[in-house]
Amino acid sequence: MFDVAIIGAGVSGVFTAYSLAKAGKRVILIDKGHDFADRQRLLADNPHIQYEGFGGLGMSEGKYNYTNDFGGGLSHKVGENTAMRLMEQVDRILCQFGAQDATFYTTADPSLMVKCRNAGLKMLTTTVRHLGTVTSQQVLQQIRHYLDDKVNFAFNTEVQSLAKQGDDFQLHLSDGQLIDAENVVIATGNGASDWLQRQMQQFDIGHGQTRVDLGLRIEMPYRQWQPLLQQTFETKLQLKTVDYTATTYCMNPTGRIIRKYEKGMVMPDGQNCNESTSQSENLNFTLFVPQYFLNQAEAKAHTEGVIKHINRGGERIVVQRLGDLSRGVITSAQSLAANSIKPSLVADTGYLPDEVPQIYLTAAREFFLRLEQLLQQPVSADTLLYGLDGKFYAPEKSTSEFFETTTDGLYLAGDCSGTTHSLSQAAACGLHIAKRLCDLG
Ligand SMILES: Cc1cc2nc3c(=O)[nH]c(=O)nc-3n(C[C@H](O)[C@H](O)[C@H](O)COP(=O)(O)OP(=O)(O)OC[C@H]3O[C@@H](n4cnc5c(N)ncnc54)[C@H](O)[C@@H]3O)c2cc1C
């Protein structure tokens, strides 16, 4: 009998396991992906496994944002102070396992904040521990090593059935094992999964709306943004109107735009300048506008309707000059070739109003007006707009302030809860659940 069975070994599952193991709890961590060493060995030839196995999505760039301003709604669940305290604890654990020399900075800049407010924009701030891919993997490796003799593991394993029998849970694993656990923590990430859907039906777990963020990826001259980036690498700005909220996301000074392949769609994504041997003269970011749908099927239908229409059955991404959009004319290949801002991504020239819902264009136009006030200079007509980037979320599930469902002992941790959307908050959520389980004895 285990005290806790954790399903999913992403950061939320790993931080739950770490905290419980430290307290001497009997824990099994189950993941359908590979163990850390196998994952590292196999990743180069099998990019499809990049999101699965020990560390989950935590094997990525590892930018831990310690903030309640974005990255999820942990603070709404547990309170602002508790959320920050949990994230500080996440940072201490990361440092204990090798992140102590990773870049640590704050994006807060009080005088810039005032200027943004005067221009009608909110500046979102965070403290950041930016591990980068290499340190991220080293830290996960160290944590895996620490857990080796403290936690039972079942990799390449799925839970075929999960049932509550009396006070305990019985789990039937795909390797044939039958295990009993007093508590179960589901930590399977934000992917829409049939398995999680079945558990939600079985345990009658209610859910709220499904959020989808779509928006134009914007490429501007880096020098135009330089005055805003004196203190920080990235400035996160938000425009709120009665109709929508638009927020800058994944800003890459001197970086490039690359193609992102997700959920069968192709989207423009930002690449950090450190990931390439040369720097561009541009800065890029996406201006995301969240929209909410009754369920995941509706969200999927809307998103695919827009993005697959742009992709035209292939990898097509559309680009337009801001000046052409304002004048209501199509950007031609010739005008793009003569553009002062050189596109960092090869994309098809076109006319965005024919391809992108109006709200994303309205948000961009309004954002540029505020940005001009902030920069005290016009935004270049040669600014490039790429359609369309997307970010997807699991619907928020009904759980208590401890992420427990209405079934006693059944918890949802990290992004599958629909509450967290970031490494720091997913990991913090894991610590919060572990503390609760330890407090209950
Ligand atoms: C490309 C990319 C880059 C990102 N970069 C950042 C960043 O720099 N900073 C940031 O804050 N956020 C970033 N995010 C978001 C962040 O990675 C996630 O919010 C966070 O990793 C969520 O952690 P998690 O533990 O909830 O889920 P995940 O990390 O997704 O882990 C879920 C785990 O569950 C396993 N699993 C799933 N289903 C089952 C099942 N049925 N049975 C068994 N196992 C299962 C999976 O194999 C996986 O290992 C990024 C996201 C993406 C897609």
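The values are calculated or read from the model by the stated rules, or taken from the named source; none is laboratory data. Here the structure is a predicted model, which is why all the values come from computation and not from measurement. Every residue, glycine as well, gets a Cβ built from its backbone with ideal geometry; the counts of neighbours run over all protein chains shown. The protein model used for the area step is the full one, side chains on, heavy atoms only, and it has no ligands, DNA or RNA in it. Shrake-Rupley method; radii C 1.70, N 1.55, O 1.52, S 1.80 Å.
For n ≥ 4 DSSP H runs only, could you compute -39500 (n - 2.57) per run for the chain, divide by its residues and tell me the 222 nm figure to the nearest 500?
Here the helix-only value at 222 nm equals -9500 deg cm²/dmol.
Mind ranking 288-297, 229-238, 265-274, 2-11 by how tightly packed they are, going by the mean number of other C-beta atoms within 10 angstrom, highest first?
Averaged packing, sorted descending, gives the order 2-11, 265-274, 229-238, 288-297.
Between region 298-355 and region 65-133, how far is it from one alpha carbon centroid to the other, in angstrom?
Taking the Cα centre of region 65-133 as reference, the centre of region 298-355 is 34 Å away.
Only Cα pairs within less than 10 Å get springs; with that Gaussian network setup on the chain, which residue of Gly120, Gly255, Gly328 has the largest fluctuation?
Comparing Gly120, Gly255, Gly328 in a Gaussian network model of the chain, the most mobile one is Gly328.
With a 1.4 Å probe and all protein chains kept in place, how do Leu43, Leu162 rank by accessible area, largest first?
If we order Leu43, Leu162 from most to least accessible, we get Leu43, Leu162.
Once you keep just the Cα pairs under 8 angstrom separated by 6 or more residues, what percentage relative contact order results for region 341-441? Before the final figure, lay out the partial values.
Values: 64 pairs, mean separation 17.8, N = 101.
Relative contact order here is 18 percent.
What percentage of all Cα-Cα pairs in the chain are separated by more than 41 Å?
18 percent
Applying 1/(1 + (r/R0)^6) with R0 = 41 Å to the Cβ-Cβ distance of Asp243 and Gln165, what FRET efficiency is obtained, to the nearest 0.05?
0.20
Can you give me the Cα centroid spacing of region 142-193 and region 214-232 in angstrom?
Computed from Cα coordinates, the inter-centre distance equals 44 Å.
Give me the log10 of I(q) over I(0) for region 210-392 at q = 0.08, 0.14, 0.18 Å⁻¹, as the Debye formula computes it from C-alpha points; what are the numbers?
After summing over all Cα pairs, the log10 values are -0.23, -0.73, -1.25.
Calculate, for the chain, the solvent-accessible area per residue in square angstrom, rolling a 1.4 angstrom probe over the heavy atoms of the protein chains.
Result: 43 Å² of accessible area for each residue.
Quantify, in whole percent, the carbon and sulfur part of the accessible surface of the chain (1.4 Å probe; protein heavy atoms only).
After summing per-atom areas, the C and S share lands at 47 percent.
Remind me, relative contact order of the chain in percent, using alpha carbon pairs under 8 angstrom and six or more residues apart?
23 percent
How far apart, in nanometres, would the label points at Ala23 and Ser340 be if each is projected 7 angstrom from Cα along the Cα-to-Cβ direction?
Roughly 6.0 nm, to one decimal.
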